[in-house]
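To start, the structure itself, in structure tokens.
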Amino acid sequence: MNRPSIRLLVGLGVEGDAHCGATVKHRSRVARDATQPNLRQVHLIHGELHDELAGAGFAVAPGAMGESVTTRGVALLELPTGIRLHLGDHAIVEITGLRNPCKQLDGLQPGLTAATVERDPQGRGGSGPSCRAEGAGPVAPPRPRRSRPALSRGEVR
């Protein structure tokens, strides 16, 4: 569902989302071990992926592929695991890895799963990063902040 805003809950994810929780919520991971920590609380996809998909003949709106936040102008696939991304004044997510596209995407449009796999600089495939909620608050699009002091190592604002 596409919404104009969401709220992050520390250690849980997006308020009201099916993946919100301290332990895994994805069906395949729950089947393996439902007590695993949930490192996929928040899903980010770059809006440029939607543009690329449109160019390949797919009609996919922001939010349709299960992403929590759609970004634009942020090189998501280049962000290393462990980096923190500030989404507004209070919401913070920590990159925990790349999201593997689910075969359920082919239910939206045949071939969509394969079309969404990209490779990051380390050769890992995915459609965008998975994250863990570190800071609570309403989410705003990531944007450069020039008025703040220098960033500490491992943070993107």
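The figures follow:
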| quantity | calculated |
| --- | --- |
| Qualifying residue in segment 22-36 (condition: on the phi < 0 side of the Ramachandran plot, without any contact (Cβ under 8 Å) to a residue 12 or more places away in the chain and surrounded by 13 or more Cβ atoms within 10 Å (Cβ to Cβ)) | yes |
| Any hit, segment 78-85, residues being in contact with a strand residue (DSSP E or B) (Cβ under 6 Å, 6 or more places away or on another chain), farther than 13 Å from residue 42 by Cα and of a type in the set (A, V, I, L, M) | yes |
| Qualifying residue in segment 63-71 (condition: on the phi > 0 side of the Ramachandran plot and loosely packed, with under 12 Cβ neighbours inside 10 Å) | no |
| Number of positions in segment 67-78 that are more than 19 Å from residue 4 (Cα to Cα) and of a type in the set (Asp, Glu) | 1 |
| Residue list for segment 37-58, restricted to those being under 14 Å from the mean Cα position of the chain (by Cα) and touching a residue at least 40 places away in the same chain (Cβ under 8 Å) | 38, 39, 40, 41, 42, 43, 44, 45, 46, 49 |
| Restricting segment 1-18 to residues that are β-branched (Val, Ile, Thr) and in a loop (DSSP other than H, G, I, E, B), the residue that is nearest to residue 43 (Cα to Cα) | 6 |
| Candidate set: segment 78-91, residues that are hydrophobic (A, V, I, L, M, F, W, C) and surrounded by fewer than 21 Cβ atoms within 10 Å (Cβ to Cβ); chosen: the one farthest from residue 60 (Cα to Cα) | 83 |
| Subset of segment 37-52 (residues that are surrounded by fewer than 18 Cβ atoms within 10 Å (Cβ to Cβ) and under 26 Å from residue 109 (Cα atoms)) | 47, 48, 51, 52 |
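Condition check ((1) modelled with pLDDT of 85 or more; (2) closer than 21 Å to residue 3 by Cβ; (3) assigned to a loop (DSSP other than H, G, I, E, B)) across all residues:
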site	(1), (2), (3)
44	yes, yes, no
52	yes, no, no
58	yes, no, yes
65	yes, yes, yes
80	yes, no, yes
92	yes, yes, no
102	no, yes, yes
123	no, no, yes
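The values are calculated or read from the model by the stated rules, or taken from the named source; none is laboratory data. What you see is a predicted model, and the numbers here were worked out from it, not measured in a lab. We place every Cβ from the backbone using ideal geometry, glycine too, and count neighbours over all the protein chains shown.
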